[in-house]
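What follows is a single structure, written as structure tokens, with notes after it.
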Amino acid sequence: MKNRPESLERFIRMCSDGWLQGWHEYHGGNLTYRVDKEALKGLILKEDSEWVKLEKQLDNLSGDYFFVTGSGKTMRNAELYPEDALGIIEMDDCGGSYRIVWGLENGGKPTSEIPAHLLCQSVKKEATNGKYRLVYHAHPVNIISLSFVFAPDEVKFTRELWEMEPECAMTFPNGMGVLPWMVPGTEELAEKTGEKMKEYDVVLWAQHGLVVAGEDFDSTFGLMHTVEKGAEILVKTMSMTPGKQVIPTVQNFKDMAEAFHLELPEKFLYEK
Ligand code: 2HA
Ligand code: ZN
């Protein structure tokens, strides 16, 4: 056992798992986790780094700590060189700036998508009373491919994916948000993603990738994995036939919702 906090071990494992899935070519994708300060005992935290001001103050993240992946780093190196590929940031006492307190050695910076991560962290912390701790962005092939075929329509994407296996509706019963292509790393992308996260745990960035949020490492990774698995089945199906030949009915979804106590929004359950 390495002498690192358990949550940091889990964070590193998630980076490696995403890499092994093929979701993180080169610098692709990023991960943040809101960690309690007590969990950082045993790490030596720096107190002399520069504060970096955020465009938008996020009051409810005041004083919080986050594990973050680094900009221009690779998920593949998280396990071998965690102090270089990853870091820990601390928010100031008004949620308007952060500083690096561990890792990101040699002048590293947090992920280029830090605006979207912190805004989604803020939205989800508020919406779940502090239960959600993770925001994860990846570049899974199949869901990205589908965004070249379907318009950025949330009802369409959600229903198409729900049909591919029961696990999809069980894992993202609120459906999925979809945003059209936008410049990566921008405040605009962050704002729009934060808005979508008020309703959904999954947001597709068309022709780019997915962002998911969750409570713990297993559920957050599992959500990414399930969306991409549904997308893979759909891509394979569409490669064999122009349209699905057999699909579950609206009644099938209603029966499943009853059996599993799911509240599936009506907007996704239209008759075809
Ligand atoms: O390079 O995935 O969205 C990291 C990214 C940007
Ligand atoms: Zn990306």
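The values are calculated or read from the model by the stated rules, or taken from the named source; none is laboratory data. For clarity, every value in this text was computed on a predicted model and none was experimentally measured. Don't worry about glycine lacking a Cβ; one is built from the backbone with ideal geometry, like all the others, and counts go over all protein chains shown. Side chains are part of the model used for accessible areas, which takes the heavy atoms of the whole protein and leaves out ligands, DNA and RNA. Shrake-Rupley method; radii C 1.70, N 1.55, O 1.52, S 1.80 Å.
Annotations
- Taken over the stretch 95-134, the residue count meeting the criterion of being in a loop (DSSP other than H, G, I, E, B), more than 16 Å from the chain's Cα centre (by Cα) and either within 16 Å of ligand 2 (Cβ to nearest atom) or within 18 Å of Glu187 (Cβ to Cβ) (or both) is 3.
- Where a residue in the stretch 239-257 is open to solvent by less than 90 Å² (accessible area, probe 1.4 Å) and its partner, wherever it lies, is at pLDDT below 95 and in a helix (DSSP H, G or I), with Cβ under 7 Å and at least six apart: none
- Criterion (open to solvent by less than 10 Å² (accessible area, probe 1.4 Å) and outside any helix (DSSP H, G or I)) met by exactly one of Leu223, Leu234, Leu204, Leu189: Leu204
- Residue match in the stretch 11-21 (condition: within 28 Å of Lys131 (Cβ to Cβ), of a type in the set (Asp, Glu) and surrounded by 13 or more Cβ atoms within 10 Å (Cβ to Cβ)): yes
- Restricted to the stretch 31-50, and to residues there that are surrounded by fewer than 16 Cβ atoms within 10 Å (Cβ to Cβ) and among the small types (Gly, Ala, Ser), the residue that is nearest to His117 (Cα to Cα) is Ala39.
- Here Asp84 meets the list (1) over 18 Å from the mean Cα position of the chain (by Cα); (2) loosely packed, with under 15 Cβ neighbours inside 10 Å almost entirely, failing just condition (2).
- Against the criterion of being away from ligand 1 (no atom under 16 Å from the Cβ) and either open to solvent by 10 Å² or more (accessible area, probe 1.4 Å) or aliphatic (A, V, I, L, M) (or both), Glu160 qualifies.
- So Val149, is it of a type in the set (Val, Ile, Thr), open to solvent by 40 Å² or more (accessible area, probe 1.4 Å), away from ligand 2 (no atom under 16 Å from the Cβ) and touching a residue at least 40 places away in the same chain (Cβ under 8 Å): yes
- Checking the stated criteria, Leu119 turns out not to satisfy the condition of being in contact (Cβ under 8 Å) with a residue 12 or more places away in the chain, within 15 Å of ligand 1 (Cβ to nearest atom) and open to solvent by less than 10 Å² (accessible area, probe 1.4 Å).
- When Leu86, Leu61 are screened for being more than 16 Å from ligand 1 (Cβ to nearest atom), under 24 Å from Glu215 (Cβ atoms) and in contact with a helix residue (DSSP H, G or I) (Cβ under 9 Å, 6 or more places away or on another chain), only Leu61 passes.
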